[in-house]
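Remarks on the structure that follows.
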Amino acid sequence: MTATDARPDSITPDPAKAGETAKAGETGKVPETANAGENATASASATHVDEKQARQVAEAAREADWRKPSFGKQLFLGRLRMDLVEPWPTPDPEQEADGEAFLAKLGAFTKDHIDGAQIERDARIPDDVFQGLAELGAFGMKIDKSYGGLGLSNLYYCRALAMAGSGSPSLGALLSAHQSIGVPQPLKLFGTDEQKKTFLPRLAGGEVSAFLLTEADVGSDPARLSTTATPVDGGYRLNGVKLWATNGTVATLLVVMAQVPKGPGEDGADHRGGITAFVVEGDSPGITVERRNAFMGLRGLENSVTRFHDVFIPADHVIGREGQGLKIALTTLNTGRLSLPAMCVAAGKSCLAIARAWSAERVQWGLPVGRHEAVAKKIAFIAATTYGLESMLDLCCMLADDDRNDIRIEAALVKLYGSEMAWKMADELLQIRGGRGYETADSLAARGEKAIGVEQILRDLRINRIFEGSTEIMHLLIAREAVDQHLSVAGDIIDPDADLGRKAKAGAAAAGFYGRWLPTLAAGKGQIKGGFGEYGTLATHVRFVERASRRLARETFYGMARWRGKMERKQAFLGRIVDIGAELFAMTAACVRASAERRPEGTELADLFCRQARLRVRTLFDDLWRNTDDRDVAFARKVTEGRYAFVEEGVVPPPTDGEWVAPWQQGESTATDVRRRIPPR
Ligand SMILES: Cc1cc2nc3c(=O)[nH]c(=O)nc-3n(C[C@H](O)[C@H](O)[C@H](O)COP(=O)(O)OP(=O)(O)OC[C@H]3O[C@@H](n4cnc5c(N)ncnc54)[C@H](O)[C@@H]3O)c2cc1C
């Protein structure tokens, strides 16, 4: 059974059990906030959500329980649990054979039938590419064979995305939005047998799905969600407008997140309400695809503004149960987040191939540019980072496939790290290519040069730092998991709403935990000469990770002791803590992989990657306590108040007409439906 086959225990379709789970949450704070969160979501209006409510909703959405071991959680607690990631997991032979066979077919299709330049030029994926991918089974890669899918492992799914994405990144986004966040994955995890039987075969056969959470007022903050699903006889009536739905113009099945009002409904039942996930037929009466959006990159993306007006959803189209929508979205993303870094790995590989060939060929100042130190450093960074990132992703995928570990932290780390590092790699490549890096592929080709559009790589990559959790939100999300143990023992001490009794109880629990835990941070195997000797020349790096992990835990503790309840506002500090964790996880993955593969070139790359990562870690540790954070925050307030507006003088000011966020209202659409229908072959 793969990780994604397993129904997470903390979210169960059995309402009674689910209630218990929320109450039995490990942290001291979660049970109250979980309940408050669901109530808050039910009652929150789009315009009146305060900071506390927004936090409660986010808190209620997280999985409170840790039922399986987590390498990431232990790492942030100062415990390097190599036993959780070694030996380097090996794919199941049957899944490997299936995966390789599919990759061969997809590779040939990508090479022979996908014209990435054409997709970029036309801003459109041709119908026959949709049809060809459907024939290959690419829309069912993650759907079980029993429902007509390919049942690929996470590892091969990600490799397939990387392959398709290398033909055109818009295709990677199409397939990943369809499978990682669209209908297949939440149904696989939370759907009823009936839902699976009804919808999964259609999706495996090539129907496209989309995931619709975002609204004009809902970006990073789902508490403001105002699409409503009002209970009526036999189901719900859906009203609202969803923004930026990838695949939204072509999808025939949608996952829609909507608020169900709490209390008695028109159907006579009492509803617990809250943000709820629904499967919605894309062709239902009342749905209008009002716009196809266009972006800086991913020009082939079929991304919509979709309006719902009195759309009827049958009661059995609820995924999970009412109020579970955000938990479902977050749990789906535990493995779903792996698809985005797969595209980042693909980008790293392309950057490396281009950098290698170009910098050996291009001669300036008497030498190939790759021999000049400034350029050489960039090539080395791209090579080492691609190796490190791929190691991190493959490890996460195989851990997900093994289903022995909780990988929520690791998957979030690889999304964060992958999107940031891929952007840096592409930027360095653009520099290596000089003026040609800034020139479009078509323009280069028109002058008789290779049609290598580095500017497009950069444009296509940029969104990865924003969607599926922006870097800022990923920092907060991972930091919340990283400090979970502390909140679970000492949360009530810093909770302003906790009474004296709870505080006293927490004080006693904290004294016990910290009395045992803090001494473990003083010494470890990373200080022992010859420790981790099984890693050969890489042992020095594993020792560094062990020492740094303990230091990371100590620094986190100091931060908590210093800022207590206010630490959640120290976003720059928390961001650095998380970034250190990401580097340490990446180093671990690179060392474990290189040792398992026993390939000298791999060991060399892992060694270089770790050396570069260690420098970044040192800087991050230094910056924890030596920085301009407080000053920056104070200044930012004065900037927004206009104190330094004079600095903006001397240029044409930005336009003043139009809205920052366009107002919208529920109601019938007045727009023409721009839905695109893909004809069956
Ligand atoms: C090309 C594209 C495809 C997309 N596809 C989909 C899709 O398929 N389905 C879907 O539902 N949505 C989709 N989205 C929406 C996407 O997920 C959101 O853009 C993203 O969640 C960020 O929301 P926002 O753009 O409203 O930014 P905002 O939430 O307005 O944030 C603005 C800035 O503030 C930061 N910020 C916000 N809150 C905090 C905080 N508490 N602390 C620190 N910083 C904060 C953000 O990181 C960001 O830098 C897509 C968007 C794009 C552009």
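The values are calculated or read from the model by the stated rules, or taken from the named source; none is laboratory data. If you're wondering where the values come from, they're calculated on a predicted model, not measured in any experiment. Neighbour counts run over all protein chains shown; Cβ positions are idealised from the backbone, glycine included.
Structure summary
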read-out: Those residues of region 226-242 which are over 13 Å from HIS271 (Cβ atoms), among the polar types (S, T, N, Q) and part of a strand (DSSP E or B), in sequence order; value: ASN239
read-out: Candidates VAL241, VAL183, VAL232, filtered to the one that is surrounded by fewer than 24 Cβ atoms within 10 Å (Cβ to Cβ) and either free of Cβ contacts under 8 Å to residues at least 40 places away in the same chain or within 15 Å of the ligand (Cβ to nearest atom) (or both); value: VAL241
read-out: Single unsatisfied condition, SER209 versus (1) within 16 Å of the ligand (Cβ to nearest atom); (2) surrounded by fewer than 23 Cβ atoms within 10 Å (Cβ to Cβ); value: (2)
read-out: Selection from region 74-129 of residues that are of a type in the set (A, V, I, L, M) and either in contact with a His (Cβ under 7 Å, 6 or more places away or on another chain) or assigned to a helix (DSSP H, G or I) (or both); value: LEU75, MET82, LEU84, ALA97, ALA101, LEU103, ALA104, LEU106, ALA108, ALA117, ILE119, VAL129
read-out: So HIS486, is it within 16 Å of the ligand (Cβ to nearest atom) and either of a type in the set (S, T, N, Q) or in contact (Cβ under 8 Å) with a residue 12 or more places away in the chain (or both); value: no
read-out: Enumeration of residues in region 212-229 that are within 12 Å of the ligand (Cβ to nearest atom) and of a type outside the set (D, E, K, R); value: LEU212, LEU213, THR214, ALA216, VAL218, GLY219, SER220, PRO222, ALA223, LEU225, THR227
read-out: From the options ALA134, ALA123, residue that is under 19 Å from LYS105 (Cβ atoms), surrounded by fewer than 22 Cβ atoms within 10 Å (Cβ to Cβ) and out of contact with any helix residue (DSSP H, G or I) (no Cβ under 8 Å at 6 or more places or on another chain); value: ALA134
read-out: Any pair with Cβ under 8 angstrom, 6 or more apart, that starts in region 110-123 at a residue that is at positive phi and ends at one that is at pLDDT 95 or above; value: ALA123/ALA294; ALA123/ARG299; ALA123/GLY300
read-out: ARG436 vs. criteria of a type in the set (Lys, Arg) and within 14 Å of the ligand (Cβ to nearest atom); value: no
read-out: Residue match in region 295-318 (condition: of a type in the set (A, V, I, L, M, F, W, C), assigned to a strand (DSSP E or B) and within 23 Å of the chain's Cα centre (by Cα)); value: yes
read-out: Filter result for ARG55 (part of a loop (DSSP other than H, G, I, E, B), within 30 Å of TYR514 (Cβ to Cβ) and modelled with pLDDT of 50 or more); value: no
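One line per residue, one yes/no per condition, for (1) within 30 Å of GLN431 (Cα to Cα); (2) part of a loop (DSSP other than H, G, I, E, B); (3) in contact (Cβ under 8 Å) with a residue 60 or more places away in the chain; (4) not hydroxyl-bearing (Ser, Thr, Tyr):
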site: ALA384; (1), (2), (3), (4): yes, no, yes, yes
site: TYR387; (1), (2), (3), (4): yes, no, yes, no
site: MET398; (1), (2), (3), (4): no, no, yes, yes
site: ASP401; (1), (2), (3), (4): no, no, yes, yes
site: ASN405; (1), (2), (3), (4): no, yes, yes, yes
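Conditions (1) modelled with pLDDT under 95; (2) on the phi > 0 side of the Ramachandran plot, marked per residue:
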site	(1), (2)
ARG502	yes, no
LYS505	yes, no
TYR514	yes, no
PHE532	no, yes
VAL542	no, no
GLU555	no, no
